[in-house]
1. Do you know which residues across region A:19-55 are among the small types (Gly, Ala, Ser) and in contact with a strand residue (DSSP E or B) (Cβ under 6 Å, 6 or more places away or on another chain)?
2. Suppose we filter region B:11-55 for residues that are in a strand (DSSP E or B), over 26 Å from A:Gln6 (Cα atoms) and facing chain A (nearest Cβ under 10 Å); how many remain?
3. Answer yes or no as to whether A:Val12 is under 25 Å from B:Gln45 (Cβ atoms) and either within 14 Å of chain B (Cβ to nearest Cβ) or surrounded by fewer than 18 Cβ atoms within 10 Å (Cβ to Cβ) (or both).
4. What strands (runs of 3 or more DSSP E) lie completely within region A:26-104 and have 2 or more residues being within 14 Å of another protein chain (Cβ to nearest Cβ)?
5. For region B:63-114, which residues satisfy the criterion of being among the acidic types (Asp, Glu), within 14 Å of chain A (Cβ to nearest Cβ) and surrounded by 18 or more Cβ atoms within 10 Å (Cβ to Cβ)?
6. In this structure, is B:Leu44 surrounded by 18 or more Cβ atoms within 10 Å (Cβ to Cβ), within 10 Å of the chain's Cα centre (by Cα) and closer than 29 Å to A:Gln57 by Cα?
7. Within the set of pairs 6 or more residues apart or between chains, which connect a residue that is on the phi > 0 side of the Ramachandran plot inside region A:3-20 to a residue that is among the polar types (S, T, N, Q) and part of a loop (DSSP other than H, G, I, E, B) with Cβ atoms less than 7 Å apart?
8. Just to check your reading of the model, which residue among B:Tyr36, B:Tyr50 is aromatic (Phe, Trp, Tyr), under 16 Å from A:Phe106 (Cβ atoms) and crowded, with 20+ Cβ neighbours inside 10 Å?
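The values are calculated or read from the model by the stated rules, or taken from the named source; none is laboratory data. Computed from a prediction, not measured in an experiment: that's the story for all the values here. In this analysis, Cβ positions are derived from the backbone assuming ideal geometry, glycine residues included, and neighbour counts consider all displayed protein chains.
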Amino acid sequence: NAGVTQTPKFQVLKTGQSMTLQCAQDMNHEYMSWYRQDPGMGLRLIHYSVGAGITDQGEVPNGYNVSRSTTEDFPLRLLSAAPSQTSVYFCASSYAFRGSGYGYTFGSGTRLTVV
Amino acid sequence: AQSVSQHNHHVILSEAASLELGCNYSYGGTVNLFWYVQYPGQHLQLLLKYFSGDPLVKGIKGFEAEFIKSKFSFNLRKPSVQWSDTAEYFCAVIAMNRDDKIIFGKGTRLHILP
């Protein structure tokens, strides 16, 4: 099925552990991004990419790394997990970075708990 | 910096009531505007979008939104809500010719009483 695929759906980490959240899209979208969703905070942009080999920081980038070696994949790495990173993470992609009214396609989310 | 304000954090309505959720943004130039819906336990889905033309936009499931440029608003409306409309609704804006990042409002949680 075409769309944005995120794995895993659920994850529990201990403080200090590292892990990678996977995101893949098969729509040949140039633009991909990672958001975290916390109660009462809406969606906050962590990192984004406008194409393979190009990434940039969003609103809350600290503690996270990204890379974009292919158009399809945009993994998010937690370097040393902290309880403050407990959240629901969404990956999103779009045909064009400059919006152009296409809107964004979201993945189903990863619920991460750091204990 | 651009911002998006959703005035109502939590709205409770009875079935068949009319709905209007407010959204205001702060950017004087050209914008693309969106409403997304997130049903319980699911990811965000595009409800409707505006990028040019008729300022009254019709989306899925009977929703519509009106872009009023002079008021910097893009309010979401539905004449008669259903229990299945219980969800969280997010307004989003892309300020064209700026950094083009999409900015989301903090969301409005809508609860429909059967």
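1. A:Ala24, A:Ser33, A:Gly42, A:Ser49 - these are the residues of region A:19-55 that are among the small types (Gly, Ala, Ser) and in contact with a strand residue (DSSP E or B) (Cβ under 6 Å, 6 or more places away or on another chain).
2. Here the count works out to 3.
3. no
4. Output list reads A:31-38, A:42-51, A:54-57, A:87-94.
5. Matches in region B:63-114: B:Glu88 only.
6. no
7. A:Gly16/A:Ser80
8. B:Tyr36
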